[in-house]
Amino acid sequence: MPFDKPQHVISPSLWALAWKRLVASRVAMVSLGIVAAFLMLIALSASGLIAKDWARETGVNYAPPSFLGEDIEQAGQPAAPGGPISASDKPTELPIQDPLADAIADIRGEKKAPGSEAPSGESQTVDPLADVMADIRAKGTQATVAETRASTLPFGADKWGRDVLKKTIKGSETSIFVGLAAAFVATLLGTVFGAVAGYYGRWLDDFFNWFYSVFTAIPYLLLILAVAAVLQQKGTLTIILILGLTGWTGTFRLIRGEYLKHKGREYVQAADAIGASNGRRMFVHIFPNVSHVVLVQLSIYTVAFIKAEVILSFLGFGVPVDVVSWGSMLNEAQNELILGKWWQLAAAGTAMALLVTAFSLFTDELRDALDPKLK
């Protein structure tokens, strides 16, 4: 009886098992779809295909959403800047005379002799800016008639008449980019610091533990507010550096523990026996076995830094005036709520809540899928 050939069974990798668990989870797939939709949205916004003219004043001031109809409070009010001007809206000219006209004419030698009066219907003084002002008024009237603003918009307008929907899309580009970039910086620093401290130990471990203790001794929100107040330079890059350089502590603690556990295992000792360098053992042999921790921390930091950027921009330490984000929209909305204009707050708050909730649920599912104990 011939012997059967042995069947070689290939064990699936950690990533294959993790992906299989993610696909089996409906919550993970729905959350991943929402996150992917937001990423596609900011890619289209960054390329200029959508929301390119977000700063354009397309509607009347505080134009309500289309499903609410025209704002009844605007009935009987003067036309908004940029709207068509009717004859009744034009200011009437009042017969106001300059009380210093006679004195100025006397100084210039233009005062007429007594008894000589100007013919009936003619003015004694001539306004040198009359022609210029008439030209400006004519051009302004033509421009306002040509660019009539909409009375309603799909998601309403802000106090300047800018479309809230386009502002929300453009704001998502800023907030999500800041969150992803700052999370990458913080995760990179935490991984490098934790790997060096956990692998080498001794005085390097003591130094990084002291450095870690200094950062964790200060409440995180107060720390980023203090750094932002000291820098006093608003900008997207500034926010990324503030969040990234102060938020690496969580990743450092986890990666340090993983390297302390893995550096004494057999596969690392075997790499040492064949002459592998310290850098190769750290980032070629050990790092793939702890990369799932890095990936989970990256997703956690993204959610945390999106919320941190919103807080900074809301308090005035975030993006500059010419840049829109969810935080700056919420900052504007607090004044609009007093007037009963709630649509900008609803748009920015709903978009942020949807993304943060989806990202948080996906992070939880990813953590469960990458847990080696579930293999």
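Read-outs: derived from the displayed coordinates by stated rules, not from any lab. Predicted model only: the values in this text are computed from it and were never measured. No Cβ is skipped: glycine too gets one built from the backbone with ideal geometry, and neighbour counts run over all protein chains shown.
Summary table below
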| quantity | calculated |
| --- | --- |
| Long pairs among Lys263/Lys307; Lys20/Lys170; Lys170/Lys307; Lys20/Lys263; Lys170/Lys341; Lys166/Lys341, criterion Cα-Cα beyond 24 Å | Lys263/Lys307; Lys20/Lys170; Lys20/Lys263 |
| For peptides 301-310, 327-336, sequence by mean Cβ density within 10 Å, most packed first | 301-310, 327-336 |
| Glu266-Asp368 FRET efficiency (beta carbon distance; Förster radius 22 Å; 0.05 resolution) | 0.20 |
| Point-to-point label distance, Ala24-Leu44, nm (Cα→Cβ direction, 7 Å offset) | 3.5 |
| Peptides 58-69, 154-165, 267-278, 215-226 ordered by average Cβ neighbours within 10 Å, highest first | 154-165, 58-69, 215-226, 267-278 |
